[in-house]
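**Student:** Next up is a structure, given as structure tokens.
The values are calculated or read from the model by the stated rules, or taken from the named source; none is laboratory data. Computed from a prediction, not measured in an experiment: that's the story for all the values here. Here the Cβ is made from the backbone with ideal geometry for all residues, glycine too, and neighbour counts use every protein chain on show. Surface accessibility is based on the protein's heavy atoms, side chains included, excluding ligands, DNA and RNA. Shrake-Rupley method; radii C 1.70, N 1.55, O 1.52, S 1.80 Å.
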Amino acid sequence: MKQKRGFTLVELLAVISILAAIILVCVPSIINTIKNNEEKEYQDFENTLKRATELYVERNRSLYPELNIVGSSIEVDGETLVNEEYLKPDIKNPNDNSSVTEYKILIEVGNDEIITYTVKGK
């Protein structure tokens, strides 16, 4: 008598069920990890713009006397930061691949002369 080799339907269904359970557990975790990485990349992009702007303003404070007045604000473009070599021109927004030169950074002087930097989109 010949022996047949192979899997039974029950064995195949058991394997498929186990794989489905693993996928149901892993996929949401993977999606969440990807989303968190995208958010972190964008935060890094924004922080790079803010740090470059802060350095630029510190070194060129005389160009912006309004920063000595509480409640005032100015804008610095990404293009200025690139031209003055505070940023490299190849820095891109990880979300939409737009160039750093398409952004403006709003600088506001708040109470107690605290300066805040806000990245504004295109």
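**Student:** Please list the non-local residues whose amide H lies under 5 Å from the amide H of Y103, H modeled 1.01 Å from N, same-chain partners needing a gap of 5 or more.
**Tutor:** So Y103 has HN proximity to G78, E79.
**Student:** Candidates (i) 14, 37, 32, 14, 3, 0; (ii) 13, 43, 33, 9, 2, 0; (iii) 11, 28, 18, 12, 9, 8, 7, 4, 2, 1; which is the computed P(r) over Cα pairs in 10 Å bins from 0, in percent?
**Tutor:** Derived directly from the coordinates: (iii).
**Student:** Ok, one more. Can you tell me which of L49, L19, L106 moves the most in a GNM of the chain? Springs connect C-alpha atoms under 10 Å apart.
**Tutor:** Result: L19 has the largest fluctuation of those listed.
**Student:** Which residue fluctuates the most in the chain, going by a Gaussian network model with Cα springs under 10 Å, if the choices are T101, T53, T33?
**Tutor:** Highest fluctuation among the options: T33.
**Student:** Total Lys pairs in the stretch 19-122 closer than 22 Å by alpha-carbon, pairs eight or more apart in sequence or interchain only?
**Tutor:** 21
**Student:** Take the chain, connect every pair of alpha-carbon atoms lying under 10 Å apart with a spring to form a Gaussian network, then pick out the residue of I16, I105, I34 with the largest mean-square fluctuation.
**Tutor:** Checking each option, the largest mean-square fluctuation is seen for I16.
**Student:** Ok, one more. Using the Karplus curve 6.51 cos²θ - 1.76 cosθ + 1.60 with θ = phi - 60°, work out ³J(HN,Hα) for each residue of the stretch 16-25 in order, rounded to whole Hz, and write x for Gly and Pro.
**Tutor:** 3J(HN,Hα) across the stretch 16-25, in whole Hz: 4, 5, 5, 4, 4, 5, 4, 4, 4, 7.
**Student:** Probe of 1.4 angstrom, ligands and nucleic acids ignored: what's the accessible area per residue over the chain, in square angstrom?
**Tutor:** Heavy-atom accessible area per residue stands at 75 Å².
**Student:** In addition: Taking 7 Å along the Cα-to-C-beta vector as the label spot, tell me the N111-S73 distance in nanometres, rounded to one decimal.
**Tutor:** Output for this residue pair reads 1.8 nm.
**Student:** Can you tell me which of 78-86, 39-47, 63-71 comes out highest on packing, and rank the rest after it, using the mean Cβ neighbours within 10 Å?
**Tutor:** So the peptides 78-86, 39-47, 63-71, ranked by packing, come out 78-86, 39-47, 63-71.
**Student:** Output wanted: per-residue J couplings in Hz (rounded whole) for the stretch 57-70, from phi through Karplus 6.51 cos²θ - 1.76 cosθ + 1.60, θ = phi - 60°, x for Gly and Pro.
**Tutor:** 5, 4, 7, 10, 4, 5, 6, 10, x, 5, 6, 8, 10, 5
**Student:** Starting from the Cα of K40, move 7 Å in the Cα-to-Cβ direction to define the label point; list residues of the stretch 84-103 whose amide nitrogen is under 20 Å from there.
**Tutor:** Answer for this model: 92-97.
**Student:** Three principal axis extents, largest first, for the C-alpha atoms of the stretch 1-51, in Å?
**Tutor:** 79, 17, 7
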